Structures are given as C-alpha cells and as structure tokens.
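Here's the structure, in structure tokens; my notes come after.
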Amino acid sequence: MSHPMSRRRFLALSAAAAGVSTLGLAACGSRSKGAASIELQIASPAKPVKLALTSDNAAIKAGLSNEAGPLRIANFADYVAPELLDKFKTETGVTVELSTFGDDVEALSKISTGAFKVDLLMSTAIDLLPKYVALKLVQPLEKSYFTNYENLWDSVRDPFYDLGGQYTVPYTVFSTGIGFRSDLVAAPLEGDSGWDALWDSQYSGVAGLLDSYREAMALGLQHAGIDNINTELQTDIDAAVAELRKMFKASNPRLDVLGYQSIPEGTTTINQLWSGDILAAQGYLPEGTDSSVLGYWVPPIAKRVINNDAMSIMRSAEHPVLAHAFINFMLDPENAKINQAYIGYQSTLKGFEAETLVAEGAIPENLANALVTQDDFTKGLRILALPAAADKMWQDAWSSLRTGA
C-alpha cells in the first residue's frame, strides 16, 4: 500500500461546519432558530431508533434494470480501492465518478446544498445520519437488490441507529486508540491507562492528537474520569478542556489526521488514531522496516470508542438502481478483501472477523487489537448525534482549545 490517505477530518472550524450550522437542525423535543427547524431522531444503543419513513420519499421498486450511468459516488479520498471501481465498470459497463471530501461535515454541507450531485454516499457518519434523514437527503433502501446482504455480520444488520437498516448498509468498523512506534517509545503502552502517554512531557513535539472535536474531546472527558462521551453538561466539557490543556502544555501534540503516515515514518512517536489508520500505516513504513515496530493501544472495551461508517443512497439519486448494485457489489467478500487491503479499515462482512484475519495472516499479531470483534461492536462506546445546543457547546470548546483562547 503506497497511496496517500486523507481520512475522516471532523473540523468544526471549517467553512463546511459553518454551512451545516445554517441548516437550523434541532434535536427531538427542542427547537433551534433558523430558516427551518427540523426534529432529529437521536438514537443510542439503550434507545434504538426506527427512522421515519414518509410517503414523499419512497424506496425504488424491485426488479428494475440498471441505468446507463455514470454512477456518482461521494466518499473520503482513498476510502475505496480504485481497483474496485474499475472492476465494477468491467462487470456492468458503467463508469464510476468519484467526488471526495475532507470531513463528514463538508459532505453533509455539499450534499444538502447541491454542490455534490451524487447517487451514493459511501461513508455516512452515524452521528450525522439523523440530519440526513430529517432533511430527506437519503432514500429508503430496497433490499431485494442486495443478494449479498446475508454476508454482513449478524451484529450490524439491525443497528441501533437505523433499526431494520432502512436507510443504511454498514461499510467499515473501527476503534479509537493510540498508535505508536514500539522501537521509539520509552516503554510499550500497556494496561488500562495507555492514554497517559499523551500527557507525558518526554513526548513533547512527537505526540499527535486527532483533529476531530468529537474524538479529541472524548479523550479529554475520559482522562478526566468521565465516560459519557456524548455528554450535554457544560461542567463535563469544562473538565475535558482542562485535561486537554494539560496535554497541550505537556506534549504539545500536533493536530491532524495524518498519524497513519507520521507514526510509521517516525515523525510522531505516539498518536491518537483510528484503528484503520494503524493498519494502513504498514504501507508507509520506511523500506526495510518491519511492521512489528508498529503498536496500537486501546482501553478496556467498557471505555473503548467503537464506530462505523455506512453506505446510503441519496434521495436525489439519478441512478438509484446502480447505487443499490454497487452496495451489493461491496458486500461480496472477494471485493471486500481487495478493499480492506487498500484502505486498511476493517470490513463488517463474515470472514472479516478479527480472529479470522489474524489466523489468515492478513493482519500481524502485534496489531490484532486494532481489529474490532462483533462483541466489541455491541459493547463499545459510541459517538452519537448531539442536540444542536450541546453540539455547539462541544464545538465552541474545541475551538477555544485550537486557538489557545
């Protein structure tokens, strides 16, 4: 793997973030000022949600033929193997056009404003799904087109955030932890408090933190002893900010999402990472450096952040049958294998369980803990949608940290 990856940037300070804030979205039971106040169905594992279906946004009929194309897809850069786009064209005769974005907020903004005119969003962020549904940007799925649907893990077919899988099909699954170079750290990151290393001054200048207001602030919360990573309490946010300020003073971490490059290259020694990025990091090691130098630490499952991305079809799709066909194509284990080898991120198909991937030698044993088990998926902490006021509180706090206010 030698491709550049620009993955999962959740920049609240970006212009895209400002664009989303103008949508006037509110959580169920609350209202927000704006041109349109829209109620969100906010789910959690304890309170799963069956997302609303409406008569003016119906699924397509079964048994339709593929459109002529092209199939237009929106996705993160390098979050689908180019080989698969060519293979889909060979099998269907349809060209795939890919539009890329830098973060989930940008994707929502561009889709909602029409700047992106696409059929399929390959990487729908679960915490933003309620907004996509409330704005009627996504259409219900017609599952008769998904002949490979049974290949999905049993644990992901009826997700709490979209009971019945009415709007989404799982794409990848990942945890959040700390990646490191085992030959460069003072000691391996072990035990329940490996994240303390990011507060260790001996790593000043060679530490990294995800430039994501939800992920970074969640780490601050947990280091403060608060495991509610979807808190709506100002006191909790203040505690997280205080912890992160201590980190900034001690280790001066770089803020970006490039740990998949900087860790293998040795420009950072420890870095908050998504698990898919430490798996992808194997492709960025200097020539002659063995992957055994890479390490990944995660807290116990009760404190471990687990998330997934999902595929969804736009309500405005001009080629919805092709979009269904492509989702089914991605649910083929052979295609999923090609994809995972390229992007690093773990598939949610049967045969891609952690134990299987290690046993087959697809993932080295030293990175086995970067894989997510089906049990992990049901027990880990999830980053969930927030009510508008709480989301603004989180973004304001992260903004103050990034600007040093």
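None of the figures in this text is laboratory data; all of them are computed from the coordinates on show. All values derive from a computational prediction rather than experimental measurement. FYI the Cβ positions are ideal-geometry reconstructions off the backbone, even for glycines, and counts take in every protein chain you see.
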If you place +1 on the Cβ of every Lys and Arg, -1 on the Cβ of every Asp and Glu, and leave all else neutral, what size is the dipole of the chain about its Cα centre, to the nearest 20 Debye? 1260
Lysines whose Cα lies under 18 Å from that of Lys379, excluding same-chain neighbours fewer than 8 positions away: Lys47, Lys303
If amide H atoms are built 1.01 Å from N in the plane of the peptide, which residues on other chains or at least 5 residues away come under 5 Å of the amide H of Val138? Arg315
Roughly what would the spin-label model give for Lys47 and Lys89, points 7 Å off Cα along C-beta, in nm? 4.7
How big is the Cα convex hull of the range 289-405 in projection, averaged over all directions, in nm²? 11.7
Share of Cα-Cα pairs in the chain beyond 33 Å, whole percent, is 29
Diffing the range 196-209: the Karplus 3J(HN,Hα) column from phi (6.51, -1.76, 1.60, θ = phi - 60°), in whole Hz with x for Gly and Pro, holds 4, 4, 6, 9, 9, 5, 5, 9, 4, x, 10, 9, x, 10
Using only Cα positions of the range 226-352, each an equal point scatterer, no hydration layer, compute I(q)/I(0) via Debye at q = 0.18, 0.23 Å⁻¹ and quote the log10 values to two decimals. -1.13, -1.34
Would you mind checking the radius of gyration and Dmax of the range 151-295 based on alpha-carbon positions, in Å? 17.0, 49
Report for the chain the percent antiparallel among DSSP-assigned beta bridges with both residues inside it, nearest 5. 60
Would you kindly derive the ³J(HN,Hα) couplings of the range 210-217 from the backbone phi angles with the Karplus curve 6.51 cos²θ - 1.76 cosθ + 1.60 (θ = phi - 60°), listing them in order in whole Hz, with x for Gly and Pro? 4, 7, 9, 4, 6, 6, 5, 5
Counting pairwise Cα distances across the range 307-355, what percent come out greater than 15 angstrom? 52
Three-way shape label, the range 163-203, alpha-carbon gyration tensor, a/c 1.5: prolate
Under 5 Å, built H, 5+ apart or other chain: amide partners of Ser99: Ile73, Ala74, Asn75
If you plug each phi of the range 93-106 into the Karplus form 6.51 cos²θ - 1.76 cosθ + 1.60 with θ = phi - 60°, what whole-Hz ³J(HN,Hα) values come out, in order, with x for Gly and Pro? x, 10, 7, 10, 9, 10, 10, 10, 9, x, 7, 5, 5, 4
